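Below: the structure, in structure tokens.
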Amino acid sequence: MAVIAIEDVSAHMAPGQTIAGIDLGTETIGLAVSDLSLRLASPRPMIKRKKFTLDAIALIAALEKDKVAVAVIGLPVNMDGSEGPRVQATRAFVRNMAQKTELPFVFWDERLSTVAAERALIEMDVSRKKRKERIDSAAASFILQGALDRLTGLRAQQQASAASGEL
């Protein structure tokens, strides 16, 4: 399985599983994981990229450790909505991951996630050196939090529809 829509995430979840957020950089892979209630994203240590096979092994091991059922990966769409080389690289990464794992991926528009993450780290008075070490995982947290907020909204819509159907 490779790519699913955010609306289909619940169908792939079992109790005790989490959702991961991934910020795919050229040098590192930022990682964040949800809590069990699927409401809060928490950063995890970043993965230093080497070559795809080693990156995939490290990523799969980290995802299995946190009992991840679905991975939300940031899609670096340009500000005008067009797709450039980084989007193509992200899509290729997911296609290659599909050969290594059954874990489904959700593409998530990550526009401004790194900017937001950097601002948050600056506000927390994190030094420039430490920001460089944490920025990708912080961006992964922003990506994941956006997806978790969307899932919360979808659950609320489903509950409202069910309640109105009962009347």
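The values are calculated or read from the model by the stated rules, or taken from the named source; none is laboratory data. Source: prediction; values computed, not measured. Counting neighbours? That spans all protein chains shown, and the Cβs are built from the backbone with ideal geometry, glycine included. These accessible areas exclude ligands, DNA and RNA; they are computed on the full protein's heavy atoms, side chains included. Shrake-Rupley method; radii C 1.70, N 1.55, O 1.52, S 1.80 Å.
Report the calculated FRET efficiency for residue 100 and residue 35 (r = Cβ-Cβ distance, R0 = 25 Å), to the nearest 0.05. Please report the intermediate quantities before stating the final value.
Working: r = 26 Å, r/R0 = 1.05.
FRET efficiency, residue 100 to residue 35: 0.45.
By a 1.4 Å probe calculation restricted to protein chains, residue 8 has an accessible surface near 80 Å², given to the nearest 10. The share of Cα pairs per 10 Å bin across the range 1-109, counted from zero up to the longest distance, runs 14, 51, 31, 4 percent.
Please work out the average accessible area per residue across the range 1-88, using the 1.4 Å probe convention, and give it in Å². Using a 1.4 Å probe on heavy atoms only, each residue of the range 1-88 averages 52 Å². Taking 7 Å steps out from each Cα toward its Cβ at residue 4 and residue 67 produces label points 1.7 nm apart. For the range 8-102, GluC sites (Glu not before Pro) are listed when DSSP marks them as loop and at most 10 other Cβ atoms sit within 10 Å of their Cβ; the list is 27, 102.
On the beta carbon distance between residue 54 and residue 158, with R0 = 41 Å, the FRET formula returns roughly 0.50.
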